[in-house]
1. Name the single residue that is nearest to the chain's Cα centre (by Cα) among those in the stretch 199-233 being among the charged types (D, E, K, R) and more than 17 Å from Q273 (Cα to Cα).
2. Please determine whether any residue of the stretch 140-150 is over 28 Å from G306 (Cα atoms), without any contact (Cβ under 8 Å) to a residue 40 or more places away in the chain and in contact with a strand residue (DSSP E or B) (Cβ under 8 Å, 6 or more places away or on another chain).
3. Of the residues Y153, Y228, only one is exposed (fewer than 14 other Cβ atoms within 10 Å of the Cβ), under 20 Å from A291 (Cβ atoms) and either of a type in the set (F, W, Y) or touching a Ser or Thr at 6+ places or on another chain (Cβ under 9 Å) (or both); which?
4. Would you confirm whether or not the stretch 117-130 contains a residue that is surrounded by 15 or more Cβ atoms within 10 Å (Cβ to Cβ), of a type in the set (K, R), at pLDDT 90 or above and not in a loop (DSSP other than H, G, I, E, B)?
5. Tally the residues that are closer than 20 Å to W309 by Cα, part of a strand (DSSP E or B) and within 26 Å of the chain's Cα centre (by Cα), restricting the search to the stretch 250-271.
6. Collect the residues in the stretch 163-189 that are surrounded by fewer than 14 Cβ atoms within 10 Å (Cβ to Cβ), within 38 Å of the chain's Cα centre (by Cα) and modelled with pLDDT of 90 or more, keeping them in residue-number order.
7. Against the definition (modelled with pLDDT of 95 or more, more than 30 Å from G97 (Cα to Cα) and β-branched (V, I, T)), how does V232 come out, yes or no?
8. Give the residues of the stretch 319-340 that are polar (S, T, N, Q) and surrounded by 15 or more Cβ atoms within 10 Å (Cβ to Cβ), sorted by residue number.
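The values are calculated or read from the model by the stated rules, or taken from the named source; none is laboratory data. The model shown is predicted, which means the values in this text are computed figures rather than measured ones. Cβ sites come from the backbone with ideal geometry, for glycine too, and all protein chains shown count toward neighbours.
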Amino acid sequence: MRNMMLAAAALMATPAVAQEAQDPHAGHDMSQMQGIDHSGHDMGATGGAAADEQAMEGMDHSMHAQAATDGSADATPMDHSAHMGHTMPTVPDSEVGNAPPPPAPTDHPADAFWDRQRMVQARADLASEGRFFGNALILDRLEYRPRNGRNGYAWQAMGWIGGDIDRLAVETEGDGAFGSPLETGEVRAAWRHALDPWWNFELGVRQDFAAGPDRTYGVIGIEGLAPYWFEVGAHAFVSNKGDVHFRVEAEHDMRLTQRLILQPSVELDAAAQDVPELHIGSGFEKIELGARLRYEFVREFAPYVGVHWERKLGETARLARVDGENPSQLSAVIGLRMWF
């Protein structure tokens with residue numbers, strides 16, 4: 001009987017051993033552990049939640065309040081009043097463009113190795129031979145002007161020789177009709193002095209050789225490159241007879257392509273007094289407008305086509321009508337521009 005009871009107990013213990021292998025805490029029966037006081041460890045779910053709630057109610061949250069206060073204090077703006085005196089010094093503006101150049105050096109390192117007199121002569125030769133000196137001949141306009149029954153021609157050319165500061169410039173221009181006397185013609189020679197990189201001062205003489213009385217003029221004026229690349233000239237002329245004339249002219253190269261260039265131009269002449277022998281009245285004398293489209297096969301050679309309009313003004317126009325002339329002329333132009 002006793003053996004049978006032991007066998008039954010062994011069979012009942014086998015599932016318990018398997019369960020213990022699956023759950024290592026399965027054999028920890030808390031109710032059988034009477035020697036341990038669990039009064040401080042209330043394992044009941046309801047009792048544990050109540051104990052936690054009571055514990056939370058009894059906690060001193062003053063540290064959390066302080067942390068919240070500290071955090072809000074950090075969010076307030078900083079007081080920079082202590083740094084108000086730390087201002088950056090103001091940098092004064094400096095003017096650019098007209099400062100005098102530094103003085104020329106008086107010591108020459110080569111003098112320590114070579115004879116001083118020979119080096120003085122060498123520097124003088126370099127200054128003399130190293131300056132720019134050149135010349136050019138520019139045939140700006142050589143053109144044919146077809147008109148109604150009075151086909152005409154015109155030219156404008158300029159040559160110069162000299163350096164980059166001073167040079168001698170010779171210019172000539174004129175126009176006329178085939179089979180008729182020359183209408184206008186002049187040649188002008190002037191000393192040209194550079195005022196700055198853009199403008200030149202001119203002083204010289206002009207000689208007219210058209211039909212009618214000859215005139216010789218003294219010339220004074222300026223010419224140069226205005227902003228936006230306008231070539232501008234303004235001159236005053238005083239003749240050997242005492243009459244005074246003025247001329248303003250401008251032109252501009254508009255590069256349509258690398259080789260195709262449109263050149264509009266304008267010229268305005270005026271007289272300070274009546275000059276009856278030259279059929280010129282006081283005031284504005286005439287205006288000329290033109291537009292020429294040229295094609296540069298090379299920079300030195302460019303044929304062109306265009307249009308030219310000339311209009312006599314004021315008293316000069318009235319004198320032209322008295323002589324049976326039309327004060328306004330419009331013509332196409334075909335010409336050639338080249339320079340050497």
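1. E231
2. No, that holds for no residue.
3. Values: Y153 fails: exposed (fewer than 14 other Cβ atoms within 10 Å of the Cβ).
Only one candidate qualifies: Y228.
4. No: the stretch 117-130 contains no residue that is surrounded by 15 or more Cβ atoms within 10 Å (Cβ to Cβ), of a type in the set (K, R), at pLDDT 90 or above and not in a loop (DSSP other than H, G, I, E, B).
5. Going through the stretch 250-271 one residue at a time, the tally reaches 9.
6. Hits for the stretch 163-189 are G163, I165, D166.
7. no
8. The answer is Q329, S331.
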